[in-house]
Amino acid sequence: MKDQVAELLNQAVSQLKSSGVIPEQHPVRIMVDNTRDKSHGDLASNIALTLAKPCGQPPRAMAEQIIAALPENSLISKVEIAGPGFINVFLAGASSAEIVADILSQGAAFGRNTTGQGEKVQVEFVSANPTGPLHVGHGRGAAVGDSLCRLLAANGWDVTREFYYNDAGAQIKNLTLSVQARAKGMGPDDSGWPADGYRGNYITDVANSYMNGDTIDADDRHVTGVADADNFDAIQQFAVAYLRREQDLDLKAFGVRFDVFFLESSLYDDGKVEATVQRLIEQGFTYESDDALWLKTTEFGDDKDRVMRKRDGGYTYFLPDVAYHKDKFDRGFKRVINEQGADHHSTVTRVRAGLQALQLGIPEGYPDYVLHQMVMVTKGGEEVKISKRAGDYVTLRDLIDEVGSDATRYFLVSRRADSQLTFDIDLARSQSNDNPVYYIQYAHARVHALLRKLEQEGHRYDQQQGIDALSKLELDDERALMTQLRRYPEAVAHAGQSLEPAGIATFLKDLASQFHAYYNNNRMLVDDAELRNGRVALAVAVGQVLANGLDLLGVSAPESM
RNA sequence: GCGCCCGUAGCUCAACCGGAUAGAGCACUCGCCUUCUAAGCGAGUGGUUGCAGGUUCAAGUCCUGCCGGGCGUACCA
């Protein structure tokens with residue numbers, strides 16, 4: 001709709017160019033916005049304001065000429081000049097109602113677009129190391145990352161979901177030592193306990209399972225415990241598999257899946273880490289100092305150079321990170337988005353600098369990042385501490401068990417990633433209209449309740465008659481709903497482009513709110529069959545859009561509650 | 001100290017990448033209510049968009065400097 005109006009304006013501008021009102025060479029960017037105030041019509045353009053100066057005319061005079069040059073079109077019922085020179089467009093009732101027919105015919109496909117043109121994009125998210133259960137921060141990463149994937153797919157991208165983890169580094173060694181200590185019956189306070197060992201109770205569970213000879217089936221590995229407390233390698237294999245399986249179960253409970261699990265260790269096994277070091281040395285961006293090998297990241301915007309190879313000969317984490325992202329590029333991903341906690345934001349400059357130093361033609365801004373800020377959890381008005389110390393550790397599983405997957409998802413994704421988030425457990429649990437998840441799901445369920453009620457009352461829903469009657473729906477509530485429905489594809493496009501799934505949550509809350517208001521103020525199941533079918537058709541369209549939007553958030557759309 | 005993110009109603013958040021009189025929900029105040037499933041519905045009060053400058057027809061939005069909060073600032077990831 002916006003595009004069509006923009007095209008009409010474009011034609012008017014062309015005509016004014018050929019008649020000399022607008023300088024032929026002047027570049028014109030047509031912008032059509034939704035209006036905030038309905039007295040300003042449905043759509044508005046600032047075109048006259050931007051053209052006033054280059055054309056040497058007052059904005060309102062400019063607007064008059066544009067309107068005069070505007071081709072006739074049945075979409076539009078009225079055009080006005082307002083304020084300093086805005087051109088306000090009022091859509092004809094019929095064209096506004098058209099959206100409902102579109103929704104009903106397109107169903108689940110409504111709102112999707114082909115912007116991505118089927119190009120590959122890889123989204124890396126969660127990427128938790130298998131050293132413990134997923135916590136709320138990972139949950140935010142999972143909710144945002146998964147929704148991002150759904151959103152990109154809805155915008156026509158071919159999405160690959162990837163989970164990267166380290167199964168062999170210093171932290172894994174630490175994990176293995178901790179499990180081994182537990183397997184030998186030690187506790188964190190015993191003298192033989194490893195220096196920075198993991199103290200959580202879950203370590204004991206891992207050790208017991210290992211000593212029981214359990215078989216572990218994680219998504220990407222399968223291991224049986226050999227029950228030998230002295231076999232370090234076996235314990236490591238088992239512990240990693242055990243914790244990976246726990247994470248898989250958490251992610252399944254959350255409805256999040258991955259296409260690829262990528263091991264940091266594979267980068268060493270395949271020689272990719274070594275090849276990356278060699279390449280960096282060859283390109284002349286390294287130097288030795290203090291028995292370590294440094295990369296001149298300062299040449300690419302970092303505020304200090306970084307160590308790649310430590311004095312002890314091992315590599316710092318960021319080198320495999322560079323090798324990993326080179327590998328992504330080599331796999332054909334021209335676009336890569338990393339969803340991570342903001343506590344890792346210092347890696348952004350480093351990884352990008354390393355990729356530039358390779359001099360392989362990888363674009364400067366590669367990869368993209370979506371960084372989410374910290375999550376604070378509250379219950380009973382009090383902050384629940386997220387600490388790794390055993391006892392008061394808020395795991396993702398705890399949250400899902402307590403408030404359900406839908407509410408957890410919604411709350412974690414409904415705020416922009418770059419602002420801090422307060423997760424109110426009491427609110428997420430509550431089954432009232434204060435709870436936005438409940439409120440939106442209930443709007444969807446209400447549509448289906450309506451259809452059931454309709455049958456109970458002995459009516460039959462005649463969709464075609466409903467569609468034909470749509471132009472007769474002229475109540476303010478009805479027009480407002482149609483306007484909101486028309487904006488859904490824009491919301492999908494905008495959220496996809498800005499990588500902000502939170503926009504969908506906001507949209508849905510507004511739509512649900514308008515639908516509830518409409519439902520409360522007006523009777524749907526009236527005797528007049530034409531009007532009844534028209535209203536039900538509108539309601540069904542609302543239900544469809546609610547379902548489509550909820551799906552983008554990974555939240556279910558129940559038909560009854 | 002330096003870098004990144006954030007600062008909008010008492011609270012939780014919007015505001016379609018520069019547009020018109022900054023919008024919702026909760027809370028508060030006042031009405032209505034026994035209704036297709038919901039103790040619900042409607043209306044109202046509430047703002048110098050952290051502060052100070054700048055850019056322009058137009059700034060919550062862009063630039064500069066402060067103030068406040070968060071996260072980083074490892075030869076940890």
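Could you name the lysines in cross-link range of A:LYS296, using Cα to Cα under 26 Å and dropping any fewer than eight places away on the same chain?
Of all the lysines, those that pass the test against A:LYS296 - Cα under 26 Å, at least 8 places apart if same chain - are A:LYS272, A:LYS304, A:LYS310, A:LYS326, A:LYS328, A:LYS334.
Using the beta-carbon distance between A:ASP527 and A:SER560 and R0 = 25 Å, what value does 1/(1 + (r/R0)^6) give for FRET efficiency, to the nearest 0.05? Don't jump to the answer; show the numbers that get you there.
Working: r = 26 Å, r/R0 = 1.03.
Plugging the Cβ-Cβ distance into 1/(1 + (r/R0)^6) gives 0.45.
Can you list the residues, at least 5 places off or on another chain, whose amide H is less than 5 Å from the amide H of A:ASP167, using H built in the peptide plane?
Excluding prolines and chain starts, which carry no amide H, the hits are A:GLU264, A:SER265.
Rounded if a/c is under 1.5, else prolate if a/b is larger than b/c, else oblate: which is chain A, with a ≥ b ≥ c the root eigenvalues of its Cα gyration tensor? Please list the in-between numbers first.
Details: a/c = 2.91, a/b = 1.55, b/c = 1.88.
Because a/c hits 1.5 or more and a/b fails to exceed b/c, chain A counts as oblate.
Just in the stretch A:1-56: which trypsin sites (Lys or Arg not before Pro) are loop by DSSP and have at most 13 other Cβ atoms within 10 Å? Don't jump to the answer; show the numbers that get you there.
Details: sites: A:LYS2, A:LYS17, A:ARG29, A:ARG36, A:LYS38; in loops: A:ARG29, A:ARG36.
Sites meeting the loop and neighbour criteria: A:ARG29, A:ARG36.
Would you mind working out the magnitude of the charge dipole of the stretch A:1-106 relative to its Cα centre, with +1 at each Lys and Arg C-beta and -1 at each Asp and Glu C-beta, to the nearest 20 Debye?
On the way: 8 positive and 11 negative charges, 74 e Å.
Dipole size: approximately 360 debye.
Treating only the Cβ of Lys, Arg, Asp and Glu as charged (+1, +1, -1, -1), what charge dipole size does the stretch A:91-162 show about its Cα centre? Round to the nearest 20 debye. Mind dumping the intermediate values first?
Details: 5 positive and 7 negative charges, 34 e Å.
Taking the Cα centre of the stretch A:91-162 as origin, the dipole is about 160 debye.
Stokes-Einstein at 25 °C, 0.890 mPa s, Kirkwood radius from Cα pairs: D for the stretch A:76-149 in µm² s⁻¹? Walk me through the intermediate numbers first.
Details: Rh = 17.5 Å.
My calculation gives 140 µm²/s for D.
Amide H of A:ILE216 versus every other amide H placed in the peptide plane: which residues, excluding those fewer than 5 positions away on the same chain, fall under 5 Å?
A:VAL223, A:THR224, A:GLY225
Using a Cα-Cα cut-off of under 12 Å, which aspartates and glutamates could be cross-linked to A:LYS120, ignoring same-chain neighbours fewer than 8 residues away?
A:ASP158
So what does the Cα-only Debye profile of the stretch A:241-308 read at q = 0.14, 0.15, 0.27 Å⁻¹, as log10 I(q)/I(0), no solvent term?
-0.67, -0.71, -1.19
Going by accessible area, probe 1.4 Å, with all protein chains left in place, what is the ranking of A:MET374, A:MET308, A:MET1, largest first?
Working: A:MET374 100, A:MET308 0, A:MET1 50 Å².
Result of the area sort, largest leading: A:MET374, A:MET1, A:MET308.
Viscosity 1.306 mPa s, temperature 10 °C: give me the Stokes-Einstein translational D for the stretch A:293-337 in µm²/s, with Rh taken as the Kirkwood radius over C-alpha pairs.
Working: Rh = 11.8 Å.
The calculation lands on 134 µm²/s.
Please work out, to two decimal places, the log10 of the ratio I(q)/I(0) at q = 0.13, 0.18 Å⁻¹ from a Debye calculation in which every Cα of the stretch A:2-91 carries one identical scatterer.
Debye output, listed in q order: -0.36, -0.71.
A:VAL370's amide H: which non-local residues (gap 5+, or another chain) put their own amide H closer than 5 Å, with H modeled 1.01 Å from N in plane and none for Pro or chain starts?
It is A:ASN338, A:GLU339, A:GLN340, by chain and number.
What Kirkwood radius, in Å to one decimal, follows from the Cα pairs of the stretch A:192-234? Please report the intermediate quantities before stating the final value.
Values: mean 1/r = 0.0863 Å⁻¹.
Every distinct Cα pair counted, the radius reaches 11.6 Å.
Using the Cα centre of chain A as origin and beta-carbon charges of +1 (Lys, Arg) and -1 (Asp, Glu), tell me which of A:VAL5, A:PHE125, A:PHE507 is placed farthest towards the positive end of the dipole.
A:VAL5
Note down the magnitude of the dipole of chain A about its Cα centre, charges +1 on Lys and Arg C-beta and -1 on Asp and Glu C-beta and zero elsewhere, to the nearest 20 debye.
Numbers: 58 positive and 79 negative charges, 181 e Å.
Approximately 860 debye in magnitude.
Taking the convex hull of the alpha carbon atoms in the stretch A:424-470, what volume per residue do you get, in Å³? Kindly include the intermediate steps, with their values, before the conclusion.
Working: hull volume 4.1 nm³, N = 47.
Per residue, the Cα convex hull of the stretch A:424-470 comes to 87 Å³.
Before anything else, pin down the relative contact order of the stretch A:2-91: Cα pairs under 8 Å, at least 6 apart, normalised by residue count, whole percent. Intermediate values should be presented prior to the final figure.
Numbers: 141 pairs, mean separation 27.5, N = 90.
Relative contact order comes out at 31 percent.
Per Stokes-Einstein, at 4 °C and 1.567 mPa s, what whole-number D in µm² s⁻¹ belongs to the stretch A:99-246, with the Kirkwood radius over Cα pairs as the hydrodynamic radius? Before the final figure, lay out the partial values.
Working: Rh = 17.8 Å.
Estimated via Stokes-Einstein, D reaches 73 µm²/s.
What does the helix-only formula give at 222 nm for chain A: each DSSP H stretch with n ≥ 4 adding -39500 (n - 2.57), the total divided by the residues, and the result rounded to the nearest 500 deg cm²/dmol?
Values: 21 runs with 276 residues, N = 561.
Computed mean residue ellipticity for chain A: -15500 deg cm²/dmol.
Enumerate the whole-percent occupancy of each 5 Å bin, from 0 to the last occupied one, for all C-alpha pair distances of the stretch A:430-526.
2, 11, 17, 21, 21, 14, 9, 4, 1, 0
With θ set to phi - 60°, apply the Karplus curve 6.51 cos²θ - 1.76 cosθ + 1.60 along the stretch A:541-556 and write out the HN-Hα couplings as whole Hz, x wherever there is a Gly or Pro.
Along the stretch A:541-556, the couplings run 5, 4, x, 4, 5, 4, 5, 4, x, 4, 4, 5, 8, x, 10, 6 Hz.
Quick one: grab the alpha carbon gyration tensor of the stretch A:472-561, order the square roots of its eigenvalues as a ≥ b ≥ c, and give me rounded if a/c is under 1.5, else prolate or oblate depending on whether a/b is larger than b/c.
On the way: a/c = 2.56, a/b = 1.85, b/c = 1.39.
The shape class here is prolate.
The values are calculated or read from the model by the stated rules, or taken from the named source; none is laboratory data. A quick note: this is a predicted structure, and the numbers were derived from the prediction, not measured. Methodologically, a virtual Cβ is constructed for each residue, glycine included, from the backbone with ideal geometry; neighbour enumeration extends over all protein chains shown. These area figures cover heavy atoms from the full protein model, side chains too; ligands, DNA and RNA do not enter into them. Shrake-Rupley method; radii C 1.70, N 1.55, O 1.52, S 1.80 Å.
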